[in-house]
Amino acid sequence: MGALSLVRTVSILGSTGSVGVSTLDLLESLGRPVRVRALTGGRNVARLADQALAWRPEVAVIEDATLAGELAARLQGSGVAVEAGAAAVTAAAGLPADWVMSAIVGFAGLAPTLAAVDAGAIVALANKESLVCAGPALLRRARLAGGMVIPVDSEHSAIFQALDPRHTAQVSRLILTASGGPFRTWSAERMASATPDEAVAHPNWVMGRKISVDSATMMNKGLEMIEAAYLFGVDADRVEVVVHPESIVHSLVEYADGSSLAQLGAPDMRTPIAVAFAWPDRVAWPAPRLDLGAIGRLTFEAPDSQRFPALDLARQALREGGSAPGILNAANEVAVEAFLDRRIGYLDIAAIVSEALNKAGSEHLGDDMADNILEQTQQVDRKGRRLAGLALDARLRGAA
């Protein structure tokens, strides 16, 4: 624990979101043994200003440049530098820091995450899109720069803790657990009329609207399958999903000898954040404790691919490799946004993603270490969005 007694420099990308707020809450409970270099937010200027006044980072960055004036006014006289815009977020991510929380939602988090790994930081990664769209490049660049990527999703954190690096070749399966979301027991007919408000009402976790919809469709678990394959070096057929409504067992590693090692914990994001912050040590904080006697029972069931086709779509993209995972992610972002805007129905989300993925095919991405890997992934993202947009427009015309 000696390393944690030293002041560490940290940056938090996406500090105003649920993971960013949980990160600051955890650091507060540790007595703040940190010096904050940068805090970045998307549009929640009031929360970002409050965080900056409490933590006094060197710079606070608001991604929406139209809010720069308001942020500057709120922080006037504080000594905190104010920047705005996507480029400023990426620049802040590249500031030298010991530890960077990457919690920006969506494809927008890729460029800042690449900047952080190129700077040699330990990156606590909560932005799944970065791994889905550029996983091999991201991980290799982190190693080249002398840094490391530590997953913060509870499922990948569980595998990170249970997987013995000495025995990776003896891993039979990685088994990700899924809560099943709010529609776990719904019929397909009932899901067809699901509203955005129903889709974001997650039974176990408090999350943003986009990721909550991904949980409802189980696309989040599909993306996590791709992440796990990249993070832990296994192929598509060795990553599986089991539905576990209680969200107590976060994932399992099954070895060739039949042993399965699982990580359990209360459904609280601060636990995997604490694991990433303290690695390779452990740190004490007022963590919620498991009372298995009170819980009584843990249940598991196989996922229903008929009602949740996103899992098969993600496995298809993982097997195809190349640009396919990026197409999958981009199309999903377009479809989820349209659903949240009440332009399409819930079941249209997977249908649009499927159409975009099948029309796109898979293209090889260049050398993982190429300077233009960001440009390549951006091109894939644009293609996925265009194809999803065409599928969306066809549905809207058909409904007119």
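The values are calculated or read from the model by the stated rules, or taken from the named source; none is laboratory data. None of the values given here were measured: they were computed from a predicted structure. Glycine gets a Cβ as well: all are built from the backbone with ideal geometry, and neighbour counts include every protein chain shown.
Let me confirm something: among Ser187, Ser179, Ser157, Ser215, which residue is farther than 22 Å from Gly17 by Cβ and not acidic (Asp, Glu)? On inspection, the qualifying residue turns out to be Ser187. For Pro96, are the conditions met, namely being within 21 Å of Gly384 (Cα to Cα), of a type outside the set (Ser, Thr, Tyr) and surrounded by fewer than 24 Cβ atoms within 10 Å (Cβ to Cβ)? In short, no.
For the stretch 1-10, indicate whether the set of residues that are modelled with pLDDT of 95 or more and over 16 Å from the mean Cα position of the chain (by Cα) is non-empty.
yes
When Leu110 is tested against the conditions (1) touching a residue at least 40 places away in the same chain (Cβ under 8 Å); (2) within 20 Å of Arg56 (Cβ to Cβ), the lone failure is (2). Of all positions in the stretch 334-345, at least one carries a residue that is modelled with pLDDT of 95 or more, in the same structural domain as Ile175 (by TED's automatic domain parsing), within 23 Å of the chain's Cα centre (by Cα) and not in a helix (DSSP H, G or I). Among the residues making up the stretch 136-168, a single one is touching a Phe, Trp or Tyr at 6+ places or on another chain (Cβ under 9 Å) and of a type in the set (Asp, Glu): Asp164. Against the list (1) in a helix (DSSP H, G or I); (2) over 21 Å from the mean Cα position of the chain (by Cα), the condition Gln316 fails is (2).
If we scan the stretch 75-84, do we find a residue that is within 24 Å of the chain's Cα centre (by Cα), surrounded by fewer than 16 Cβ atoms within 10 Å (Cβ to Cβ) and at positive phi? No: the stretch 75-84 contains no residue that is within 24 Å of the chain's Cα centre (by Cα), surrounded by fewer than 16 Cβ atoms within 10 Å (Cβ to Cβ) and at positive phi.
It is to be established whether one or more residues within the stretch 169-181 are surrounded by fewer than 23 Cβ atoms within 10 Å (Cβ to Cβ), over 19 Å from the mean Cα position of the chain (by Cα) and assigned to a loop (DSSP other than H, G, I, E, B). No, the conditions are met nowhere in the stretch 169-181.
Of Leu298, Leu292, Leu252, all but one fail to be at negative phi, modelled with pLDDT under 95 and either touching a strand residue (DSSP E or B) at 6+ places or on another chain (Cβ under 9 Å) or among the charged types (D, E, K, R) (or both); the exception is Leu292. When the stretch 132-159 is limited to residues that are in a helix (DSSP H, G or I) and touching a Gly at 6+ places or on another chain (Cβ under 6 Å), the one that is farthest from Ser251 (Cα to Cα) turns out to be Ala145.
Return the residue satisfying two criteria in turn: it lies in the stretch 120-134 and is buried (at least 19 other Cβ atoms within 10 Å of the Cβ) and of a type in the set (Gly, Ala, Ser), and of such residues it is farthest from Gly326 (Cα to Cα).
It comes out as Ala121.
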